[in-house]
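Okay, structure first, notes after.
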């Protein structure tokens, strides 16, 4: 496959971010509070070393804002690119369609 990239993950960081419009509907608190309550607070914003086997991802779509890829397990991932200061790029308008 021409869009296949071989990868090996070395670290993982959990960087939650919520759309401001979603916070009003969230009755269980914000993502950071929930992650800490579930024992994952140590992974917030800190690169944590992991042991992972080499794998691959198949790129299905990519542009300056998002990447859609399928992992070796078949799971589909939609990732939004961050700005240089660590903030997510602005949301897509209602007319944006994949």
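The values are calculated or read from the model by the stated rules, or taken from the named source; none is laboratory data. What you see is a predicted model; the values in this text were computed from it and never measured. Using ideal geometry, Cβ is built from the backbone for each residue, glycine included, and neighbour counts are taken over all protein chains shown.
Scanning segment 62-90 for residues being in a loop (DSSP other than H, G, I, E, B) and modelled with pLDDT under 85 gives a total of 8.
Of all the listed residues (22, 5), the sole one being in contact with a strand residue (DSSP E or B) (Cβ under 7 Å, 6 or more places away or on another chain) and either modelled with pLDDT under 80 or in a strand (DSSP E or B) (or both) is 5. Of the residues making up segment 35-68, those that are without any contact (Cβ under 8 Å) to a residue 40 or more places away in the chain and in contact with a strand residue (DSSP E or B) (Cβ under 6 Å, 6 or more places away or on another chain) are 43, 44, 47, 48, 49, 61, 66, 67, 68.
Taking segment 42-54 as the search range and keeping residues that are in contact with a helix residue (DSSP H, G or I) (Cβ under 8 Å, 6 or more places away or on another chain) and at pLDDT below 85, which one is farthest from residue 11 (Cα to Cα)?
Taking segment 42-54 as the starting set, the residues that turn out to be in contact with a helix residue (DSSP H, G or I) (Cβ under 8 Å, 6 or more places away or on another chain) are 43-44, 48.
Going one step further and asking which of them are at pLDDT below 85, we end up with 43-44.
Values: 43: 10, 44: 12 Å.
Of everything passing the filter in segment 42-54, 44 is farthest from residue 11 (Cα to Cα).
Restricting attention to segment 51-87, the residues being over 15 Å from the mean Cα position of the chain (by Cα) and within 26 Å of residue 30 (Cα to Cα) number 2.
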